[in-house]
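The values are calculated or read from the model by the stated rules, or taken from the named source; none is laboratory data. Bear in mind the structure is a predicted one, so any value in this text is a computation, not a measurement. Here the Cβ positions follow ideal geometry from the backbone for every residue, glycine too, while neighbour counts run over all protein chains shown. SASA here: full protein model, heavy atoms, side chains in, ligands and nucleic acids out. Shrake-Rupley method; radii C 1.70, N 1.55, O 1.52, S 1.80 Å.
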Amino acid sequence: MAAKQLQQWRHKPMAWFALGLAAAALLAFAPGNKSASASSPLPPARPQARPAAPPAPAALVAPEPALRRFRGAVGADLSESLQRAGVPDAAARDYVGQMLRVEGFAREISVDDRFDLVVTHVPGEPALLVYAGMDRVGRGDLMFLKYGDEQGRIEWVDARGLERRETGGFELPVGGRVTSGYGTRMHPLLGSRRFHRGIDLAAAMGTPIRAAADGRVVRAGWHGGYGRQVALAHGQGLDTSYSHLSRIAARPGEAVRRGQVIGYVGSSGLSTGPHLHFEASRNGKPIDPRSARIDAPVAMDKARREAFNGRLRSVLMGS
């Protein structure tokens, strides 16, 4: 049968051609043929590349808070002046509230005083008050900074002293004895009983007169029967005056320190001879200068003071 089929295919060239192609294909893919992969019409499958990882999101960086400073005259209405200056409402309310914590502020405020405040603002967040100050005419300036203590608590700190303040009495302006005390007495010139609002201190003509405590000069000049007079405001509602001077050594608006010379003993005005008439008042009411008590700053730790002052400078200069 096979021989007969071969005899038939000998006379069919196309059949022989097809048979040759089939044999070549079988040899090409036979086991052990090393060239099979190279000669294969189908290339080997390539490994699938892994999809690229999505880029990592950029680290979120909190925006730096912007500082803005507002300054201007108090005028007839502090709240309206703050509004006209563009101070954010919440910061303006905080500022007024901080000022009202100062004893006697509402009574002593002047249209010529100047407000000074710094707010910090982060986009999307309300403005926050970080500094509250006021340049006052005839009174000590106010400076408060929001500052963190060692325990991390944020509080308002008086820039004039970080530590607690101790209470003490006034320093007598001259070293002479008291010749007339505080209270009702017979007036040596008018011949009638009058209330003596201060004390008289004996001293020689020209004796230096020293400020009884830190303060600011609110008056320096002639003042009726008191003659030449210097008046000081010490804050906390306390004021002092020094009268019958021969010469004045201070000027209105000047800040003075405890013990600083502000004038010299004399006998100007309604006076019987050289002496110093020394008065004190609290919230406008006369008190005996010898019984007056006033808070005085205690020396603060150097490292803490430097850190605080550095922060204060950065707030005021960076706004």
Could you compute how much accessible surface Leu316 exposes when probed at 1.4 Å, giving the result in Å² to the nearest 10? 40 Å²
Accessible area of Phe170 in the full protein assembly, 1.4 Å probe (Å², nearest 10): 30 Å²
Could you compute the FRET efficiency for Ala90 and Glu254, with r as their C-beta to C-beta distance and R0 at 35 Å, rounded to 0.05? 0.45
Separation in nanometres of the label points that stand 7 Å from Cα toward Cβ, at Leu312 and Arg290: 3.7 nm
So Thr179 and Met205, fully extended at 0.36 nm per residue minus their Cα-Cα distance, gain in nm 7.8 nm
Using 0.36 nm times the number of residues separating Arg101 and Arg247, minus their current alpha carbon distance, what extension gain do you get? 48.8 nm
Share of accessible surface on carbon and sulfur in region 236-275, whole %, 1.4 Å probe and ligands ignored, is 47 percent
